[in-house]
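The values are calculated or read from the model by the stated rules, or taken from the named source; none is laboratory data. On a predicted model such as this, the values are computed, not experimentally measured, just so you know. All Cβ positions, even for glycine, are placed from backbone atoms using ideal geometry, and neighbour counts span all protein chains on display. Side chains included, ligands, DNA and RNA excluded: accessible areas come from the protein's heavy atoms. Shrake-Rupley method; radii C 1.70, N 1.55, O 1.52, S 1.80 Å.
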Amino acid sequence: NNKKQSVPVRVIRGHKCDDSYSKKVYIYDGLYKVTGYWDEKGVSGFKVFKYRLKRLRGQDNLTSQTQHLLGFICLGFQCLAKLALCMFTLYEEKFLEFNKNCLGFKYINSIKVAKNVSIPPDAPGCNCRGKCTNPRSCSCAQLNGGDFPYVSRDGGRLFEAKDVVFECGPNCGCGPECVNRTSQQGLKYQLEVYRTKEKGWAVRSLDFIPSGAPVCEYVGILRKNDELEDISENDYIFEIDCWHTMKGIGGRERRLGDVSLPMSNLVDEVDERTLESEPEPEFCIDASSFGNVARFINHSCDPNLFVQCILSSHHDVRLARIVLFAADDIPRMQELTYDYNYAIDSVIGTDGKTKQLPCFCGTSECRKRLY
């Protein structure tokens, strides 16, 4: 069937590894075309089918990476040998098996909340039934400026980046298939974590991703910024700066589609003047010890993903969900990236000196430094 329909197959190679519980480790080796097949008698006398495979062009050369990874795994990290297949063919339910002792973090698929952070009560919902279809009668659509932010195509697509998107929540009458719950439906695309030469781990999709489609949410532990230790040494902090972006605070780039926030649903009694006086975001998502696939997505000065703040269960923009959407049509096997949006010379080390990190995105828009 693969040969007749010209559909490529994924190849996973097994290699010996004495430290592995199975004495083998399995590495994803890319996409191959079936060029021929035949049958012959096997060693036990039964008919065996065999196939001739040809590797598709334009893929990364994995030979050196395989050797490097095998050396890394066989140096005593037995748990990595068991889970190597999950690293290279990332399906969320398999990745949940990752052990914190292996890679320094534990995989989760939803936000964890620090003990000293309070989440607002569920916001009032719309009275729609089944699916939200009429923006004039849907209170959630009214919060989005009088229309739904998503178009009903390919499971829901965001037609433009907004200050903030109000999705239907727990108190809404619509069901889980409502288009205004698009970002709440989990991973829709098969994402692959792989190793790069200069940037470390990276993520790409095994599927085509259409423009405006949600790719994944950035999850970790929801914390207060001022209680983080050694923030300059933590590369997995995502500041929730939605309010600052909406108001252009701190030189942040404004977006179209300004909305007025229902301030009554904030966890604390905070007015807009207080929020505008804060120079830095109050909360962040820390994915250093708990996180998901989003923590492996690299920076690019010309990215193919954009960051979107989303409010669903409550309306406190300081605690908004962070979801990554496709900025353009993304072909299969292309690395996924978003702009980390660091200001140059903004990161200060523990010694009080400005830290610098070169950028290896390789695009024509590259600023040469990440920060």
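When the residues of segment 189-243 are filtered to those that are open to solvent by less than 30 Å² (accessible area, probe 1.4 Å) and over 19 Å from the mean Cα position of the chain (by Cα), which remaining residue is farthest from Asn292 (Cα to Cα)?
Trp243
Output yes when any residue across segment 148-159 is open to solvent by 30 Å² or more (accessible area, probe 1.4 Å) and over 16 Å from Ala326 (Cβ atoms), and no when none is.
Checked segment 148-159: at least one residue is open to solvent by 30 Å² or more (accessible area, probe 1.4 Å) and over 16 Å from Ala326 (Cβ atoms).
Pick out the one residue from Ser313, Ser288 that is touching a Phe, Trp or Tyr at 6+ places or on another chain (Cβ under 8 Å), touching a residue at least 24 places away in the same chain (Cβ under 8 Å), in the same structural domain as Ser211 (by the TED database) and open to solvent by 20 Å² or more (accessible area, probe 1.4 Å).
Ser288
Just one of Val219, Val193 is farther than 24 Å from Leu31 by Cα and outside any helix (DSSP H, G or I); which is it?
Of Val219, Val193, the one residue that is farther than 24 Å from Leu31 by Cα and outside any helix (DSSP H, G or I) is Val219.
Specify which of the listed residues (Tyr37, Tyr26, Tyr32, Tyr51) is touching a Leu at 6+ places or on another chain (Cβ under 6 Å) and either modelled with pLDDT of 85 or more or on the phi > 0 side of the Ramachandran plot (or both).
Just a single option satisfies the conditions, and that option is Tyr32.
So which of Ser137, Ser110 is open to solvent by 60 Å² or more (accessible area, probe 1.4 Å), touching a residue at least 12 places away in the same chain (Cβ under 8 Å) and either of a type outside the set (Lys, Arg) or assigned to a loop (DSSP other than H, G, I, E, B) (or both)?
Ser110
Do you know which residues across segment 308-358 are among the β-branched types (Val, Ile, Thr) and part of a loop (DSSP other than H, G, I, E, B)?
Ile344, Val347, Thr350, listed by residue number.
Yes/no per residue for (1) assigned to a helix (DSSP H, G or I); (2) at pLDDT 60 or above; (3) open to solvent by less than 20 Å² (accessible area, probe 1.4 Å); (4) closer than 27 Å to Asp147 by Cα:
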position: Thr245; (1), (2), (3), (4): yes, yes, no, yes
position: Gly250; (1), (2), (3), (4): yes, no, no, no
position: Ser264; (1), (2), (3), (4): yes, no, no, yes
position: Val267; (1), (2), (3), (4): no, no, no, yes
position: Glu280; (1), (2), (3), (4): no, yes, no, no
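Has segment 144-158 got at least one residue that is under 19 Å from His314 (Cβ atoms), more than 21 Å from the chain's Cα centre (by Cα) and of a type outside the set (Val, Ile, Thr)?
Yes, because at least one residue in segment 144-158 is under 19 Å from His314 (Cβ atoms), more than 21 Å from the chain's Cα centre (by Cα) and of a type outside the set (Val, Ile, Thr).
Can you tell me which condition Thr66 does not meet? The list is (1) hydroxyl-bearing (Ser, Thr, Tyr); (2) modelled with pLDDT under 80; (3) surrounded by fewer than 16 Cβ atoms within 10 Å (Cβ to Cβ), and all the others hold.
Thr66 satisfies every listed condition except (3).
Filter segment 325-340 down to the residues that are on the phi < 0 side of the Ramachandran plot, surrounded by fewer than 22 Cβ atoms within 10 Å (Cβ to Cβ) and touching an Asp or Glu at 6+ places or on another chain (Cβ under 9 Å) and list them by number.
Arg332, Asp339
What are the residues in segment 309-342 that are of a type in the set (D, E, K, R) and in contact with a strand residue (DSSP E or B) (Cβ under 8 Å, 6 or more places away or on another chain), if any?
Hits for segment 309-342 are Arg318, Arg321, Asp329, Arg332, Glu335, Asp339.
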